[in-house]
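Below you'll find the structure, written out as structure tokens, and then a few comments.
The values are calculated or read from the model by the stated rules, or taken from the named source; none is laboratory data. What you are looking at is a predicted structure, and each value in this text was computed from that prediction instead of being measured. FYI the Cβ positions are ideal-geometry reconstructions off the backbone, even for glycines, and counts take in every protein chain you see.
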Amino acid sequence: MKIAEITRSSEWWEYKLSPLLAIGYATILSAGKEIGDYWTRLLLILLSLAAGAAYVSIINDITDLKDDRMAGKKNRMQNLPAYYRWLLPVAGLLSGLFFEYVLYYPDTRSMIFYAVPWVLFSLYSFPPFRFKKRGIPGILCDAGGSHVFTGLLMISSTCFAMHERVPPLWMFAIGVWSFCYGLRGILWHQYTDRVNDQRAGLQTVAVRIPPHKFKRIEAGLFVTELLATLGIFLYLGNPWVIGVYLCYLLLCFLRYRFLKLAPVVVLSKPDTPIQILQLDYFQCLFPLTLLVCAAVQNIYNLLPLAFHLLLFHGTLRRIFADLKLIYKVYA
């Protein structure tokens with residue numbers, strides 16, 4: 001089995017890492033610096049985050065073996081030798097310790113922000129804690145580990161590299177946005193997998209709260225995320241960021257009008273083509289807007305733009321494919 005399959009990298013590579021890089025780009029630009037001057041640092045942070053994401057995927061599959069058998073689901077670990085099931089997590093933890101002390105030391109704040117997600121996801125997956133089965137603690141662990149503390153880490157570490165003070169308003173805006181964005185992600189997964197979780201006896205939030213009772217929570221969560229998004233835009237003060245966001249809203253409408261892709265916050269109907277709101281913007285258009293703006297100001301920033309497109313191009317290709325389909329339907 002390939003490493004990419006074991007670590008489930010296709011499920012988190014662009015979805016989780018590209019928005020985090022965007023936070024790094026925005027932090028650098030808001031400090032009046034050049035992204036190209038700190039691109040190596042950003043790549044190292046990206047590598048450390050990828051190590052954490054791989055660890056999470058591995059321990060999730062290992063600790064889900066019994067539940068997946070009960071639900072009749074396939075598990076990537078079921079055909080691997082038993083010794084791999086302790087060797088892989090140990091290797092993951094060692095990689096985390098390596099980055100903690102080689103990359104982040106002596107930046108204490110960043111060391112804490114990097115360590116917390118490892119702790120949260122270990123509590124999320126491993127018994128006797130196994131917060132994955134415990135409703136609200138489970139979604140808090142997932143959102144905090146996947147988005148909140150990693151986003152704060154990106155700000156903290158880039159500010160440390162630039163010898164700049166960490167801006168509290170920027171940390172607050174990113175923290176609130178990351179929390180809501182992360183909650184929507186894990187809750188969407190839970191509600192789409194609700195039947196399997198019920199079969200396995202898991203007490204997730206989606207199992208405990210029926211979809212019709214969740215709608216008010218869904219609305220409040222999304223409104224809070226939109227307010228945090230507005231805070232991000234106001235802090236950056238970049239008209240191109242807002243302009244591209246308006247273009248993204250138009251894209252959402254066109255997808256709905258011509259491709260019948262239902263806009264989704266969390267809840268979605270079975271067997272209905274969907275588009276999760278805000279996802280493509282922060283996953284693709286937001287980082288690219290920042291990089292293009294930086295490259296226009298200084299050609300030296302074309303290198304980070306090229307690397308970003310090389311690493312994260314799946315969403316952009318899908319956007320162009322959708323635009324092509326929209327044109328064909330309209331024409």
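Going by the conditions given, is TRP177 over 17 Å from THR63 (Cβ atoms), of a type in the set (Phe, Trp, Tyr), touching a residue at least 60 places away in the same chain (Cβ under 8 Å) and assigned to a helix (DSSP H, G or I)? No. Taking the listed residues LYS260, LYS215, the one that is closer than 25 Å to GLY314 by Cβ, out of contact with any helix residue (DSSP H, G or I) (no Cβ under 8 Å at 6 or more places or on another chain) and charged (D, E, K, R) is LYS260, with no other qualifying.
Could you please give the count of residues in segment 230-262 that are touching a residue at least 40 places away in the same chain (Cβ under 8 Å), assigned to a helix (DSSP H, G or I) and under 23 Å from PHE172 (Cβ atoms)? Adding up the residues that qualify gives 6. Quick one: would you say ARG41 is modelled with pLDDT under 90, surrounded by 16 or more Cβ atoms within 10 Å (Cβ to Cβ) and basic (Lys, Arg)? No; evaluated as a whole, the condition is false for this residue.
Scanning segment 1-38 for residues that are aromatic (Phe, Trp, Tyr), surrounded by fewer than 20 Cβ atoms within 10 Å (Cβ to Cβ) and either in contact with a Lys or Arg (Cβ under 8 Å, 6 or more places away or on another chain) or part of a helix (DSSP H, G or I) (or both) yields TRP13, TYR15. Is there a residue being charged (D, E, K, R) and under 30 Å from ALA161 (Cα atoms) anywhere in segment 79-101? Yes, segment 79-101 has at least one match.
Checked against (1) touching a helix residue (DSSP H, G or I) at 6+ places or on another chain (Cβ under 6 Å); (2) aromatic (Phe, Trp, Tyr); (3) more than 14 Å from MET154 (Cβ to Cβ); (4) at pLDDT 90 or above, TRP12 passes all but condition (4). Quick one: is GLY96 at pLDDT 95 or above and either of a type in the set (Val, Ile, Thr) or under 19 Å from THR224 (Cβ atoms) (or both)? No: the conditions fail for GLY96.
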